[in-house]
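This report refers to the structure that appears directly beneath it.
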């Protein structure tokens with residue numbers, strides 16, 4: 001079985017400061033990892049993904065994520081937070097050996113609040 | 001959200017009533033998915049389809065049914081057997097293959113009268 005943990009329900013950060021949203025995972029085989037963002041009453045927007053290769057993945061809106069195989073983590077980062085980054089962030093994983101098509105397992109989400 | 005439409009935006013269900021949520025995509029994606037979102041629980045997979053005329057149960061399929069008669073369309077019916085249907089329902093689609101990204105529609109909020 002595959003699983004994702006987002007240990008923080010909420011992260012607060014001041015505008016202009018760096019932000020980190022944490023994610024750890026458990027899968028069979030190599031992991032395929034994704035980050036999505038959700039604004040209120042909207043669908044999920046894709047930010048970035050790790051499939052293979054460079055452990056530092058760059059995505060939309062200045063976000064990046066670092067894949068760490070030994071720590072089974074895929075933390076989302078941004079060097080300088082904006083108030084408009086305030087939203088709900090989801091980490092998701094799919095195992096390379098997982099059968100049943102493209103089933104993704106999502107974490108419970110982390111609410112990011114960026115304050116002036 | 002581009003390329004995936006869901007309707008209606010809000011839907012009200014009476015006791016004992018079946019309701020159908022629409023999901024259409026013009027991205028030429030082979031695979032389509034339905035998720036349910038409840039506060040604090042993330043997204044849970046209801047059903048998915050990798051190809052026309054075929055679909056599989058996800059983690060919480062009880063009380064739901066789907067069809068996939070066309071590549072572009074994957075409607076979800078919430079039946080009267082679903083005792084707690086109040087939630088935000090999200091449809092997604094993707095190309096075939098485990099490395100592909102799922103893209104989401106804007107969602108339908110279902111409320112029980």
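The values are calculated or read from the model by the stated rules, or taken from the named source; none is laboratory data. Since we're looking at a predicted model, the values are computed, not measured. Glycine also receives a Cβ, built like all others from the backbone with ideal geometry; neighbour counts cover every protein chain displayed.
Sort through B:46, B:4 and tell me the only one that's at pLDDT 95 or above and within 17 Å of residue A:92 (Cα to Cα).
Unique residue meeting the criteria: B:46.
For segment A:25-116, list the strands (runs of 3 or more DSSP E) that sit wholly inside it and hold at least 1 residues that are more than 14 Å from chain B (Cβ to nearest Cβ), surrounded by fewer than 13 Cβ atoms within 10 Å (Cβ to Cβ) and touching a strand residue (DSSP E or B) at 6+ places or on another chain (Cβ under 7 Å); which are they?
Working: elements: A:31-38, A:44-50, A:56-58, A:64-68, A:73-78, A:87-95, A:110-115.
By residue number, A:56-58, A:110-115.
Considering (1) over 30 Å from residue B:10 (Cβ atoms); (2) in a strand (DSSP E or B); (3) out of contact with any helix residue (DSSP H, G or I) (no Cβ under 8 Å at 6 or more places or on another chain); (4) within 11 Å of another protein chain (Cβ to nearest Cβ), say which one residue A:20 fails and leave the rest.
(4)
Of the residues B:83, B:9, which single one is at the interface with another protein chain (Cβ under 9 Å from one of its Cβ atoms) and over 21 Å from residue A:105 (Cβ atoms)?
Just one listed residue meets the conditions, B:9.
Could we say that residue B:80 is within 10 Å of the chain's Cα centre (by Cα), in contact (Cβ under 8 Å) with a residue 40 or more places away in the chain and surrounded by fewer than 17 Cβ atoms within 10 Å (Cβ to Cβ) here?
Numbers: within 10 Å of the chain's Cα centre (by Cα): no; in contact (Cβ under 8 Å) with a residue 40 or more places away in the chain: yes; surrounded by fewer than 17 Cβ atoms within 10 Å (Cβ to Cβ): yes.
Answer is no for this residue.
Looking only at segment A:1-14, how many residues end up being more than 20 Å from residue A:93 (Cα to Cα) and either at pLDDT below 95 or surrounded by fewer than 15 Cβ atoms within 10 Å (Cβ to Cβ) (or both)? Give the steps one after another, and end with the answer.
First, the residues of segment A:1-14 that are more than 20 Å from residue A:93 (Cα to Cα): A:10-14.
With either at pLDDT below 95 or surrounded by fewer than 15 Cβ atoms within 10 Å (Cβ to Cβ) (or both) added as a condition, the list becomes A:10, A:12, A:14.
Residues that pass the stated criteria total 3.
Assuming residue B:96 fulfils every condition listed in (1) free of Cβ contacts under 8 Å to residues at least 60 places away in the same chain; (2) surrounded by fewer than 18 Cβ atoms within 10 Å (Cβ to Cβ) apart from one, which condition is it?
With (1) free of Cβ contacts under 8 Å to residues at least 60 places away in the same chain; (2) surrounded by fewer than 18 Cβ atoms within 10 Å (Cβ to Cβ) applied to residue B:96, the lone miss is (1).
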